[in-house]
1. Under 8 Å by Cβ, and 6 or more places apart or on different chains, what pairs join a residue from the stretch 29-43 that is at positive phi with one that is among the basic types (Lys, Arg)?
2. In a helix (DSSP H, G or I), touching a Phe, Trp or Tyr at 6+ places or on another chain (Cβ under 9 Å) and more than 22 Å from Lys102 (Cβ to Cβ): is that true of Gln18 in this structure?
3. Hey, any hits in the stretch 82-102 for a residue that's of a type outside the set (Phe, Trp, Tyr), within 18 Å of Thr47 (Cβ to Cβ) and not in a loop (DSSP other than H, G, I, E, B)?
4. Take the stretch 103-138 and flag every residue that is of a type outside the set (Phe, Trp, Tyr) and in a loop (DSSP other than H, G, I, E, B).
Amino acid sequence: MQREFITEQAKETQKLGQLLAGEILRTKFTQAAVICLSGELGAGKTTFTQGLLKGLKVKGPYTSPTFVIMKQYKKNIYHLDAYRVTAEDILNLGWEELIADKNNILIVEWADRIKKIIPRNSIWIKFGWLDENKRKISFLSA
C-alpha cells in the first residue's frame, strides 16, 4: 500500500513528520523503528525529519548529520545520513546493536544507499520535486 501527500510549504512537510512521530510513539515494536528517507537533494528529507524530531519531543536545533554521519538525540533517537558513506561504514557505527533494541528510533536519510542492511519491516518514505515549491511525499510499504 502506498500513500502520497503533496506539500507546498516547509511547515506542511514538518507537520507530516510530526504526525508520523505520533504513530511511532503509539506503536509497540519488536526491534528498532527504522524510518528510511530517500529522494533528491533538497526534496524535503531534512525538513520532514525536523518535524519528526519535534513530534518525538526532541529539543532542537535539528540539522542533518551529513558530515558527522550520525547524531544521537535523547538516549534512543538516532539520525543518520548515508549520503557520503557505505553500508560497511554504518555497520561499523554499531548498526546491528542499534536496530536490535526495540526502544530505539532510527531516522536514515539517503537510506537507499545502504538498503542492503535496512531491516525488512522499516518505514520507507520517498521525497520528490513536483515544482519549485511542491513536494510529493510517498509512504511506501516494505
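1. Gly39/Lys45; Gly39/Lys126
2. no
3. no
4. Within the stretch 103-138, Asn103, Asn104, Ile118, Pro119, Arg120, Asn121, Ser122, Leu130, Asp131, Glu132, Asn133, Lys134 meet the criteria.
A quick yes/no check of all residues on (1) more than 12 Å from the chain's Cα centre (by Cα); (2) β-branched (Val, Ile, Thr); (3) within 18 Å of Arg3 (Cβ to Cβ):
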| site | (1), (2), (3) |
| --- | --- |
| Glu40 | yes, no, no |
| Lys45 | no, no, yes |
| Lys59 | yes, no, no |
| Leu98 | yes, no, no |
| Arg113 | yes, no, no |
| Lys136 | yes, no, yes |
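Bear in mind that the values in this text are calculations on the coordinates, not laboratory data. Keep in mind that this is a model prediction, so the values were computed, not measured. Please note: Cβ atoms are built from the backbone with ideal geometry, for glycine as well, and neighbour counts cover all protein chains shown.
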